[in-house]
Amino acid sequence: MFSWRQLGILGSGLCGACVLHEFWDRKDFFRVRALSFWRSEEGTGAERGLELRLVQVVFRHGARTPISRLPPSMEQATWSTDLVKVVPHTLIDYRLESLEGGPQPPSPVEDSYQKHGPHKGGARWGQLTSLGQQQMYDLGQQLRRHYIHNHRFVDPVFNPQQVYVRTTNINRTIESLRCVLAGLFGDAHREDPIRIHTSHVTKEIFWPNYIHCGHLGAFWKMAWGLLDTLPGYREDRLKLQRLLGIEEARQFNIFGLRDEMTARKAHGLPIPEALAAMEDVVEQRATQSMAALVSGIEDGHSRALQLSTGPVIDLFIQNMLTAQ
């Protein structure tokens, strides 16, 4: 029997999260997995007598529509509204509120996506698709098997004294968290809506907040200017630019290209043959670039990494210390 319980679920994001009492991505982009599970087998030796006190679950959003504008030379895919229909069994009653318990803060990040209007076909930019909803629901089901059925760590019905839920304030991450909660707790009767917490964008720590952290923003700006110094990056950038008919390096968005290709692949939409042949190159260079932006280049490496990930790691550590 567990004498003290804590589950945290956190949806971060440009993703979602949960803590059992606090439940808060590495997943591959569309195949979501929980980071780790309490072992179902009886431990041996030193493992015997261990007691689970805290679970913190962190995940990104499910499959979604793209969020970046394409170069004119790349034909648009048709993102039909049929791809983003609500999956009924992922619906639950919830209320989104600020970390302080007030109303949902404004979401300038979400607003920035929607200012372009809908995609060709009618779906919105960055919209969680039916596929993404089901992926998140499946993750919730996995958590249910491990932490409710196998280990009875939390009750089958959502209990705010056992579970804390937080997400970034972006529609796809909010909806992803909704789907996880539906898979975790099902449609069990609750007197009140599940309270989901979110932060104002100026205080968000679940993504590298380079917009509102001046020091981190300076590191990002420096790293952008040094990407061509990364091994192999410039050569592959030039190949991709020629393929896309882009002349200036400043117009090349490797993350947007990867985002478009990954989203199309997940939903069975066509990718130009020449680009599909360079899928691994795009993945490698986008990963290389993001690592440089998050962790810095040259002298700023350790400090940039601290600013990018330090606040959320500190939160996890404080939760663990509190659970002791």
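Can you pull out every residue in segment 185-243 that is of a type in the set (Val, Ile, Thr) and under 27 Å from Asn159 (Cα atoms)?
Ile194, Ile196, Thr198, Ile205
Check segment 158-178 and report whether any residue there is more than 24 Å from the chain's Cα centre (by Cα) and open to solvent by 50 Å² or more (accessible area, probe 1.4 Å).
Yes.
Which condition number does Glu247 fail, the rest of (1) open to solvent by less than 50 Å² (accessible area, probe 1.4 Å); (2) more than 22 Å from Ala304 (Cβ to Cβ); (3) out of contact with any Pro (no Cβ under 8 Å at 6 or more places or on another chain) being met?
Glu247 satisfies every listed condition except (1).
For a quick check of your reading of the model, give me the residue pairs whose first member lies in segment 199-216 and is closer than 10 Å to Val312 by Cβ, whose second is among the basic types (Lys, Arg), with beta-carbon atoms closer than 8 Å and at least 6 apart or on different chains.
Every condition considered, the pairs that remain are Phe206/Arg166.
Select from segment 72-86 the residues that are assigned to a loop (DSSP other than H, G, I, E, B) and closer than 22 Å to Leu181 by Cβ and write down the one among them that is least open to solvent (accessible area, probe 1.4 Å).
This residue is Val86.
Take the residues in segment 100-126 that are open to solvent by 30 Å² or more (accessible area, probe 1.4 Å) and among the acidic types (Asp, Glu); name whichever of them is farthest from His61 (Cα to Cα).
Per the criteria, the residue is Glu100.
For segment 267-324, how many residues are open to solvent by 40 Å² or more (accessible area, probe 1.4 Å), outside any helix (DSSP H, G or I) and within 23 Å of Lys239 (Cα to Cα)?
Looking only at that region, the number is 4.
Which condition number in (1) on the phi > 0 side of the Ramachandran plot; (2) open to solvent by 40 Å² or more (accessible area, probe 1.4 Å) is the one that Gly232 fails?
In the conditions (1) on the phi > 0 side of the Ramachandran plot; (2) open to solvent by 40 Å² or more (accessible area, probe 1.4 Å), Gly232 misses (2) alone.
Using the structure shown, decide if Glu97 is part of a strand (DSSP E or B) and either open to solvent by less than 20 Å² (accessible area, probe 1.4 Å) or in contact with a helix residue (DSSP H, G or I) (Cβ under 7 Å, 6 or more places away or on another chain) (or both).
Against the criterion (part of a strand (DSSP E or B) and either open to solvent by less than 20 Å² (accessible area, probe 1.4 Å) or in contact with a helix residue (DSSP H, G or I) (Cβ under 7 Å, 6 or more places away or on another chain) (or both)), Glu97 qualifies.
Collect the residues in segment 209-221 that are part of a loop (DSSP other than H, G, I, E, B) and in contact with a Phe, Trp or Tyr (Cβ under 8 Å, 6 or more places away or on another chain), keeping them in residue-number order.
Tyr210
May I ask you to say which residue of Arg69, Arg144 is outside any loop (DSSP other than H, G, I, E, B) and either open to solvent by 30 Å² or more (accessible area, probe 1.4 Å) or of a type outside the set (Gly, Ala, Ser) (or both)?
Arg144
The values are calculated or read from the model by the stated rules, or taken from the named source; none is laboratory data. Quick caveat, the model's predicted, so the values are computed rather than measured. Glycine also receives a Cβ, built like all others from the backbone with ideal geometry; neighbour counts cover every protein chain displayed. For accessibility, only protein heavy atoms count, side chains too; no ligands or nucleic acids. Shrake-Rupley method; radii C 1.70, N 1.55, O 1.52, S 1.80 Å.
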